[in-house]
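Encoded as C-alpha cells, the structure appears first; notes follow it.
The values are calculated or read from the model by the stated rules, or taken from the named source; none is laboratory data. Being a predicted model, the structure only gives us computed values, none of them experimental. Every residue, glycine as well, gets a Cβ built from its backbone with ideal geometry; the counts of neighbours run over all protein chains shown. Heads up: the accessible areas ignore ligands, DNA and RNA and are worked out on the full protein's heavy atoms, side chains in. Shrake-Rupley method; radii C 1.70, N 1.55, O 1.52, S 1.80 Å.
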Amino acid sequence: MQTKAPLITDYDMQIMSGLGVSNIQLRRLLNGAGIAPSLRLASERKQSTNPLSAKEIAVLKKGGAKGLDQSPQPEITAGAIKLLGELVEECRALVGSSLNLESVATLLKISSLEAKQRALCSPPMLHAFALADGQIRFPRWQFMDSETIPHLESILALIGKSITPLALSRFMLLPNPDLEGQSGAVCARDWLISTGNPEPVLELARFRISD
C-alpha cells in the first residue's frame, strides 16, 4: 500500500519558510512526495540550479529514493513522504506552541513595545521569528513561568542569525549526549534551567555555527 502524502496548506508553506526551511529543500521534498510545488516555488526553480545537499540525498536514499545522482526529480518514495510529513508537523508544533507579542509582554510583565524591542535589538534579548502576515512569534522554549531561561541572552548573542529558527529550536529542545543529566542526556534548555551553567551549551553552539 502506497504511503499517502501529507496535506500541506499555503499556511504550512508560509510557516516553513518563516522558520527557515529553504525553498530548495522544500521543493525537493515536495517533488519526492509527488506534490506539485506552489507557483512561487515553481517559478524560483527556474532561477536556481542548486543541487540537493549530501545530507538531503542521504536521507532520501535511506527512504528508498533512487536516481538522485542523475535526475533533479526524485521519484515518489515513502521516505520522502515521511520526511516531509515530519517536517510539516514539526513546524506546525513550533508555531502552535509559540507566543504572540501580547502574551510575551504579559508573561514578562513588560509592555508590548519593550517585548518587540528586546526581539529586534542587536544582539537580541529575546528570540522571535516573523510569519508571512507580519506577525511576530516567540518560541516557547525560551520562557519559564514568568521569566526567560537562564543565560538566554548569551546564547542568542553567540548564535545571532547564523542558524534558522527551526534549527535553533532543535538545538535547544533535542536531548544532547554531551549534556548529561541525572537520568541521561538532556536538552540545552533543561540543562540551563537545572544547572545554570551555560558553558557546555555555549561550546556546543560554537561548534554548531562553525559546522
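A few points about this structure:
- Inter-label distance for S162 and R206, nm, one decimal - labels placed 7 Å from Cα along Cα-to-Cβ: 1.0 nm
- Gain in span if fully extended, L7 to T195, counting 0.36 nm per residue against the direct Cα distance: 63.5 nm
- Across the range 150-162, rounded Karplus estimates of 3J(HN,Hα) from the backbone phi angles (6.51 cos²θ - 1.76 cosθ + 1.60, θ = phi - 60°) give x, 6, 4, 5, 5, 5, 5, 5, 6, 7, x, 10, 6 Hz, Gly and Pro being marked x.
- Stokes-Einstein, applied to the Kirkwood radius of the range 70-211 over Cα pairs at a viscosity of 1.306 mPa s and 10 °C, places its translational diffusion at 96 µm² s⁻¹.
- Accessible surface for the range 76-149, divided over its residues, is 49 Å² per residue with a 1.4 Å probe.
- Karplus (6.51, -1.76, 1.60) ³J(HN,Hα), θ = phi - 60°, over the range 99-113, in Hz, Gly and Pro reported as x: 10, 8, 4, 5, 5, 5, 4, 5, 4, 8, 6, 10, 6, 4, 4
- Amide hydrogen neighbours beyond the local backbone of F143, cut-off 5 Å, H modeled: I149
- With the Kirkwood sum run over all distinct C-alpha pairs, the range 136-211 has a hydrodynamic radius of 12.6 Å.
- Theoretical gain in end-to-end length, K109 to L174 [0.36 nm per residue, Cα-Cα removed]: 20.5 nm
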